[in-house]
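Okay, structure first, notes after.
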Amino acid sequence: MIPTEIFAESPRGWVPWVWLIPFLGIAFVVVSAIGIEQALEAQGLLGPQGDPIGRRGFIVFLLLPFLAMGLAVVAWALLIERRSLAAIGLTEAGAGPKFAFGLLVGVMTSGAVVAGIWHLGGYALAGYAPAFADADAMVYIAVLLVCFAAQSSTEEILFRGWMLSAVARRWNVAGGIAIVSAVFALLHFHRGQPLLVTANTVLFSVFACSWALKSRHIWGVMGWHAAWNWFIGIGFEIPITGLDLQAPALVAKLVPQGADYLTGGADGPEGSVVCTAFFAVASALLMARGKAVTPPKGLA
């Protein structure tokens, strides 16, 4: 079998077998989070189901477990597989502009999905930009962007950086997308989750994998993922991945109305058929393109 390098040079150490890679990925998440989450629950910052309590709870929930996980993944890649950071998608050239481009696309695409649901009658308008009347909320919203940048970037390093490249080298790119998306969906699954939410979680990962493969780095998709999570939750005061960010809307307060398949119900837009259509079409377009996803001139 010919090794497939999707980001940079070959590793100089040991790359785990294909069957072991998803278990290692799950272990990175569980081991790095379990002690921290227990401590946060003891401090009253997390509920018994692991949901953040209050604004302070959201901040530490998005920072501490994910930073620990990111350090574990990077340490494994550097010390065990003996790969450079570029080999897991963290290329050196133009990191800032590439991340900023991803942020811009994330705001635009998440806003477009929400606008599509609203246009189809899934939301009722309940006010314009109430966040601007609350100085404390504006500070919290700014801090949340930093927190989501840390949380989403860590997930991209684990899934689209390390795991995708490790499976592609041991097997092939298609197998890498399949395994990464299955593990990503498993780790985001909760009891009673609607089938449409699960399908959209898989499509979310397929889209992110496609972007990383076309761009040959993960900076852009890191920025996109951060902006997607942040802007849906704070832009419109609606749930993101089933979480209420406890912040007034930065753009417009929207109230869900109509069927859950359109609004996403308690899971937010990520449980909507509009989101399904977006990820399916966007992934197909990325896979069909013959050149990498790159920022426009001025952001390169």
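The values are calculated or read from the model by the stated rules, or taken from the named source; none is laboratory data. Keep in mind it's a predicted model, so treat the numbers as computed, not measured. Virtual Cβ from ideal backbone geometry, glycine too; neighbours counted across all protein chains shown. SASA here: full protein model, heavy atoms, side chains in, ligands and nucleic acids out. Shrake-Rupley method; radii C 1.70, N 1.55, O 1.52, S 1.80 Å.
Here are a few things to note about the model shown:
- Karplus-derived 3J(HN,Hα) values for region 170-180, using 6.51 cos²θ - 1.76 cosθ + 1.60 with θ = phi - 60°, are 7, 10, 7, 5, 4, x, x, 4, 5, 5, 4 Hz; glycine and proline are entered as x.
- Rounded to the nearest whole Hz, the Karplus-based 3J(HN,Hα) values (6.51 cos²θ - 1.76 cosθ + 1.60, θ = phi - 60°) of region 37-54 follow the sequence 5, 5, 5, 5, 5, 5, 8, x, 9, 10, x, x, 8, x, 7, x, 10, x, with x at glycine and proline.
- Long-range HN-HN contacts of LYS253 with modeled amide H, under 5 Å: ALA126, GLY127, TYR128, ALA129
- If the segment from ALA135 to ASN172 were pulled out straight at 0.36 nm per residue, it would be longer than the present Cα-Cα gap by 8.3 nm.
- Nearest-20 debye value, the chain charge dipole, Cβ charges on Lys, Arg, Asp, Glu: 980 debye
- Once the C-beta distance of LEU125 and LEU145 is scaled by a Förster radius of 35 Å, the resulting FRET efficiency is 0.90 to the nearest 0.05.
- Accessible-area composition of the chain, carbon plus sulfur, in percent [1.4 Å probe]: 69 percent
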